[in-house]
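The values are calculated or read from the model by the stated rules, or taken from the named source; none is laboratory data. Not measured: the values here are computed from a predicted model. Note that each Cβ is placed from the backbone with ideal geometry, even for glycine, and that neighbours are counted across all protein chains shown. Each accessible area value is taken on the protein alone, full model and side chains, heavy atoms only, with ligands, DNA and RNA left out. Shrake-Rupley method; radii C 1.70, N 1.55, O 1.52, S 1.80 Å.
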Amino acid sequence: MNAVAKVGWWGGALLLTLWTRQVVFGLLPVAVLFQRRQWQQIHHIVDQKIAQELGTNQHLMTQLADQIHGLQIQVNDLTTNGHSSAAIRQNTVPIIQQIHLIQQRLHQMEVTTTPQVQQLNNQMMQLHAQVDMLAQGMIPRQGVGVFIDGANLHASARQMGVDLDYAQLLPRLLPKNTPASAIHFYSGYDRNNLQQRRLHRDLEQMGVQLHLKEVTQFANGATKANLDGQIIVDLLINTFAHVILMSGDGDFVPALDHLHRQGVQITVAAFGKNTNQELQQKFPFRDLAKCCPTAGKVIPLPAKQTRKYAHS
């Protein structure tokens, strides 16, 4: 190869090299820009998914917090409102099932543990401990329960000619600054008696729990509407720390004795002249004659039973 040819060949190679470098370095910014845009898109998608997941978790935590709050209200009601042991055991089963479901959901969220998740876990542990105590029958006594023997009180008030205003009377019987956890009113009723229906409506508006029994009419003209048995059962299964019995009927002495031996505080409130002596002597007694000085007419309630039925 002569010198001219060699120079031509080397010149062509140099030009090709220079052209290739120009192309490469010219396309390099374009490639970098394209790659940068790809990464930006990827980051944007990831950020969207993270935000979506956080939003979903936040919504789920709000739902779980509401469910836990609802369960806590149910447990507090079972603990404080004097439910029977059987009713408590029956109601704790679905509560425990719901607790387990919530715990499973919280366990699934542990991969994104946050202070909120930990707080919900702590609440669930405390709630589970409370429910376990209830299920095992370890029910702490607390609150004040009032049990009103309507037939006895109304008959005595009518005999003495005094007014029986429960809205004013009940607060005077309760300990200072201590509202009643529950007030139970027991009475027979005549469905055709408008006065009785108004009384029951007024008591319900006060939050009183009514236990009513329709009067039974017998062929010989005798009647019966006795709820003493139900009052005794409710007294024995209650979970109150303080029981106020508004009745002068001596049939309740054994039940009150039983509660007293269990450490329950007992108060009897009735009209002294018509109250069993043993009730007055064994337990702290409040004479309603001193609490109801106003003369008035009391709505008559059905007697527990008539004499005709007693001799039939």
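Listing for the model above:
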item: Test: residue in the stretch 270-282 that is open to solvent by 20 Å² or more (accessible area, probe 1.4 Å), out of contact with any Gly (no Cβ under 7 Å at 6 or more places or on another chain) and closer than 29 Å to residue 78 by Cβ; result: no
item: Subset tally (residues that are small (Gly, Ala, Ser) and assigned to a helix (DSSP H, G or I)) for the stretch 254-279; result: 2
item: Cross-chain or 6+ apart pairs with Cβ under 9 Å, the stretch 248-262 first and closer than 15 Å to residue 227 by Cβ, then charged (D, E, K, R) and in a loop (DSSP other than H, G, I, E, B); result: 249/304
item: Any hit, the stretch 132-150, residues being in a helix (DSSP H, G or I), modelled with pLDDT of 70 or more, open to solvent by less than 50 Å² (accessible area, probe 1.4 Å) and under 30 Å from residue 196 (Cα atoms); result: yes
item: Selected residue (only one of 232, 237 is among the hydrophobic types (A, V, I, L, M, F, W, C), open to solvent by 10 Å² or more (accessible area, probe 1.4 Å) and either under 28 Å from residue 197 (Cβ atoms) or in contact with an Asp or Glu (Cβ under 6 Å, 6 or more places away or on another chain) (or both)); result: 232
item: Selection from the stretch 196-229 of residues that are in a strand (DSSP E or B) and open to solvent by 90 Å² or more (accessible area, probe 1.4 Å); result: 217
item: Residue match in the stretch 280-298 (condition: farther than 18 Å from residue 166 by Cα, outside any strand (DSSP E or B), among the basic types (Lys, Arg) and modelled with pLDDT of 90 or more); result: yes
item: Residue count for the stretch 182-195, restricted to those that are open to solvent by 10 Å² or more (accessible area, probe 1.4 Å) and farther than 17 Å from residue 269 by Cα; result: 7
item: Residue selected from the stretch 151-182 under the condition assigned to a helix (DSSP H, G or I) and touching a Gly at 6+ places or on another chain (Cβ under 7 Å), by the criterion farthest from residue 224 (Cα to Cα); result: 156
